[in-house]
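Here the structure comes first, spelled out in structure tokens, and everything after it is commentary.
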Amino acid sequence: MAEIRRIRIKPPSEKAAEVNRLVTPGDTITSDSDYMRGHGTYFEDTKLLASVAGVVETVNKLIHVNPLKTRYNGEVVMSSSVESWSADVVICESTRRELRRRSAKDELNMRKYLQEGDLVSAEVQSVYGDGSLSLHTRNLKYGKLGQGMLVKVSPMVVKRSKTHMQTSLRCQHHPRQQRIHLDQSHREPAGRHPQRWFHPEFGECDAFDTCILYTYESSMRYTITELLVPEKMENVVEWTLQRLEQEGAV
Amino acid sequence: MDESSIREITSEQTLLSQPDGSSNYSQGDSTVMVGIYGPADIKQSKEQMDRATVEVIFKPKIGLAGVREKAMETMISNTCQAIVITTMHPRSSITIVVQVIQDAGSLLSCCINAVCMALMDAGISMKCLVAAVSCAITDEGAVIVDPTLKVTEDASAVLHFAFDSTEKHLVLSSTHGSCTTDQYMSCLKSCQDACDKLFEFYRTSAERRFSKT
């Protein structure tokens, strides 16, 4: 199964200014008023102090402190389906092309499309006062996720971007069928997916869809059993990082 | 005046998977485990419009929580509200669960120090760190810092102090028993000197954690 570790995101190499400095809450970062305040800092009189335990990072004139753990705030939700069907909890449109008004019959038939425990890609329409969400799948890119694997990673690793999408590997390009017995050729691509690591000792890579695709392609050079060896894992990550650097994405 | 220093400190962070921050902290044989959830949703009746609400749940080793535990909760909560930047998270809650694993003296100080480490682990914004030290005044008038359970039981007064990391100002002061003003001030001075060891410990453990990544 996938090894999940927490890692820090490295600052872009061309902008790394200072030696990374560790601070704890209350430590003075600078008395220079030239700098702008970022996350993990606060002003007191003229001094800039740290409010979390972490490493100070400077990007031009912005100083922020990167703690070891943060929580993810996102807009596009990838989550398991709701536990109960009720008209006032979740409003979910059909995933078919034509838009139809909801009717009582639709609600009864919903079970044919979605069941508890299914994975859905949806967009948050609105947030109610009590915290529950209204989701919609009104776009062709949303809907129920078919055969595949869910890999959970730490929120720290996810690169901040406007849209987050689930990665479609080759196996998912097959037309949506009912769940049939997966033979070896189908299983292999799915098996490579968990071997996506963001392991601190091997290298650091933000999780975004291009990165995952490149890692997948790099891993194609080995068989599944070979990939279980740490050195091979390291190679795969290195190749991916090289490729991303060439393209200037990292 | 007899003075002793704080017993051996050991701590562990991020040991629990569900809370946002957690820590296991021991001072000698006194051990406490803390889990922190937050900033998170809160019931509308409890929410504060301009700041986060700090809730503490103190669980004793044996039995149900009673009035004494409620008093501990209030003291820990007040200390946290003084150091956590609650205005950063309005209408949210920060829930701190403290579980006593073993009480071998200086329990309140242990709890506060454990909570501080867990807050750091959770990445919740704080103005500064806090270190708590207890001390006892024996019948002969000697001041013993970080007393064991036996010393506490025979003492004429037990005092708990908590200090902030920037100016070492007093954040919490709690007294059981009776003592003179001079004794109080000398206890305060001894505890203030002793908390250096704790701040050093916080710093070293943070450095060790970050050097691994």
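The values are calculated or read from the model by the stated rules, or taken from the named source; none is laboratory data. Because the structure is a prediction, the values reported are computed rather than measured. A quick note on method: Cβ atoms are made from the backbone with ideal geometry, for glycine too, and the neighbour counts reach across all protein chains shown.
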If you scan the range A:11-41, which residues turn out to be within 9 Å of chain B (Cβ to nearest Cβ) and either under 20 Å from residue B:131 (Cβ atoms) or modelled with pLDDT under 80 (or both)? A:20, A:22, A:23, A:24, A:25, A:26, A:27, A:28
Would you please list the contacts, defined by Cβ atoms under 9 Å and residues six or more apart or on different chains, that run from a residue in the range B:149-171 that is of a type in the set (Phe, Trp, Tyr) to a residue that is surrounded by fewer than 22 Cβ atoms within 10 Å (Cβ to Cβ) and assigned to a helix (DSSP H, G or I)? B:161/B:188; B:161/B:192; B:163/B:192; B:163/B:199
Out of the residues in the range B:80-95 meeting the condition of being of a type in the set (Val, Ile, Thr) and within 14 Å of another protein chain (Cβ to nearest Cβ), tell me which one is nearest to the chain's Cα centre (by Cα). B:83
Does the range B:155-213 hold any residues that are over 14 Å from residue B:135 (Cβ atoms), more than 14 Å from every other protein chain (Cβ to nearest Cβ) and not in a helix (DSSP H, G or I), and which are they? B:178, B:180
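Looking at B:101, B:76, B:112, B:57 in this structure, which one is away from every other protein chain (no Cβ under 12 Å) and free of Cβ contacts under 8 Å to residues at least 40 places away in the same chain? Steps first, answer last, please.
Details: B:101 fails: free of Cβ contacts under 8 Å to residues at least 40 places away in the same chain; B:112 fails: free of Cβ contacts under 8 Å to residues at least 40 places away in the same chain; B:57 fails: free of Cβ contacts under 8 Å to residues at least 40 places away in the same chain.
Of the residues listed, the single one that is away from every other protein chain (no Cβ under 12 Å) and free of Cβ contacts under 8 Å to residues at least 40 places away in the same chain is B:76.
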Which numbered condition residue B:134 misses (of (1) within 14 Å of chain A (Cβ to nearest Cβ); (2) over 26 Å from residue B:15 (Cα atoms); (3) crowded, with 21+ Cβ neighbours inside 10 Å; (4) polar (S, T, N, Q)): (1)
Which of the numbered conditions does residue B:168 fail, given that it passes all the others? Conditions: (1) in contact with a strand residue (DSSP E or B) (Cβ under 7 Å, 6 or more places away or on another chain); (2) surrounded by 14 or more Cβ atoms within 10 Å (Cβ to Cβ). (1)
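Take residue B:63 and decide whether it is away from chain A (no Cβ under 12 Å) and at pLDDT below 95.
yes
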